[in-house]
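Below: the structure, in structure tokens.
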Ligand SMILES: C[S@@+](CC[C@H](N)C(=O)[O-])C[C@H]1O[C@@H](n2cnc3c(N)ncnc32)[C@H](O)[C@@H]1O
């Protein structure tokens, strides 16, 4: 099932309001994602907006890792680009259903984070299918949404139809979260 929300991506003129000292104190991206990231990992900041989490993700993956900042709005990517640059950071403008990464990078990401993004994604089923295709078996998507978002369960249902499992996510102030692993292929699969 693919959900269709009557929503639009956040207006770029509100972008700076996403990255405030208060939010950084209450919802510190470094602390939230640290338990999920090891040095050398390949991580995607899906719906990066003005880059609230991007720099901390870079710190966590270290120089041997890689971060992709993805957004559907070129202007948001420009704001993030002005804020943070590194040789192991790339930027991708994405539209649902077109594939988020190149053919060569399918199945190569360890982690995708979607921090306050899913409520804006119009073609959620297609977007989740693209994210799943980008992740390796055993990789995971971390979904974080506002605690008052009543559609959170429906995002999870859509993720299940796209082959994700659903597990408990990190604790984040005023938010609902889930960790959505992509199942590893079981060894018994090959024994049939
Ligand atoms: C509320 S902002 C959150 C930004 C950032 N993750 C944060 O926590 O500050 C949501 C972002 O998701 C982006 N977005 C919305 N729909 C998208 C889609 N289908 N694909 C990629 N990005 C999308 C918007 O352009 C916007 O930058």
Sites residue 26 and residue 64, calculated FRET efficiency, Cβ-Cβ separation with R0 25 Å, nearest 0.05: 0.25
With T = 20 °C, eta = 1.002 mPa s and Kirkwood Rh from C-alpha pairs, the Stokes-Einstein D of the range 1-99 in µm²/s is about 150
Estimated [θ] at 222 nm from DSSP helical runs (n ≥ 4, -39500 (n - 2.57)) normalised by residues in the chain, nearest 500: -7500 deg cm²/dmol
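Just rank 104, 184, fewest to most, by other beta-carbon atoms within 10 angstrom. Could the numbers behind the result be given before it?
On the way: 104 7, 184 11.
In order of increasing Cβ crowding within 10 Å: 104, 184.
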Please report, for the Cα atoms of the range 57-192, the Rg to one decimal and the Dmax as a whole number; what are they, in angstrom? 15.4, 52
Highest mean first, what order results for 131-144, 82-95 on Cβ atoms within 10 Å? 131-144, 82-95
How would you rank 158, 64, going from fewest to most other Cβ atoms within 10 Å of each one's own Cβ? 64, 158
Taking a label point 7 Å from the Cα of residue 184 along Cα-to-Cβ, the residues of the range 93-118 whose backbone nitrogen sits under 19 Å from it are 107-112
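Read-outs throughout are calculated quantities, based only on the coordinates presented, and are distinct from any laboratory measurement. Fair warning: this is a prediction, and the values are worked out from it, not measured in the lab. Here the Cβ is made from the backbone with ideal geometry for all residues, glycine too, and neighbour counts use every protein chain on show.
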